[in-house]
Amino acid sequence: MINKSIILFFFIQLPLIVLSQKDKSDSGEKNSETLIRNVLSEQVNAWNNGDLQLYMSGYWKNDSLKFIGKNGIQYGWQKTLDGYKKSYPDKAAMGILSFDEITVDIISSDAAYVIGKWALKRDKGNIDGIFTLLFRKINSNWVIVCDHTS
């Protein structure tokens with residue numbers, strides 16, 4: 001016959017085990033969110049220093065990268081960089097970038113989506129809009145695999 005103290009032990013321990021697993025999951029999500037926010041912060045710094053190449057390090061360097069903007073869907077890391085260079089040929093055109101009202105939703109251990117507002121302050125006129133980014137964790141790094149900016 002099973003000892004009552006063994007049964008009591010399992011009834012007490014099982015919820016604790018479940019709660020500890022939830023804490024680990026929450027911790028992983030917070031860490032992922034921090035890493036994703038760091039990517040965005042590094043992009044802002046690179047942009048504001050006029051460094052498009054470094055700005056693009058936040059994106060998946062792959063032909064399957066998707067950038068959706070006013071001109072439709074653009075595929076590929078290099079084509080996305082070329083598009084940025086065409087639209088922002090110099091530091092004056094780039095202006096000062098800021099991101100605001102950012103929300104990060106972790107979908108799984110290797111996927112997240114981010115929604116936020118962007119703004120450029122420039123001498124030739126300020127512009128702003130909204131973005132939705134799909135991040136994936138690829139080779140242990142969080143990178144943007146799809147960017148829809150309007």
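The table for this structure:
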{"quantity": "Amide H contacts under 5 Å for A111, placed H, 5+ residues apart", "calculated": "K137"}
{"quantity": "Potential lengthening between Y113 and N126 on full extension [0.36 nm per residue; Cα-Cα distance subtracted]", "calculated": "2.1 nm"}
{"quantity": "Those aspartates and glutamates that a straight Cα-Cα span of less than 16 Å connects to K66, excepting residues fewer than 8 apart in one chain", "calculated": "D82, D147"}
{"quantity": "Cα gyration tensor of the range 59-150 - equivalent ellipsoid semi-axes, whole Å, descending", "calculated": "24, 17, 11"}
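Throughout, read-outs are computed from the coordinates displayed, never taken from laboratory work. Just so you know, these numbers come straight off a predicted model, no measurement behind them.
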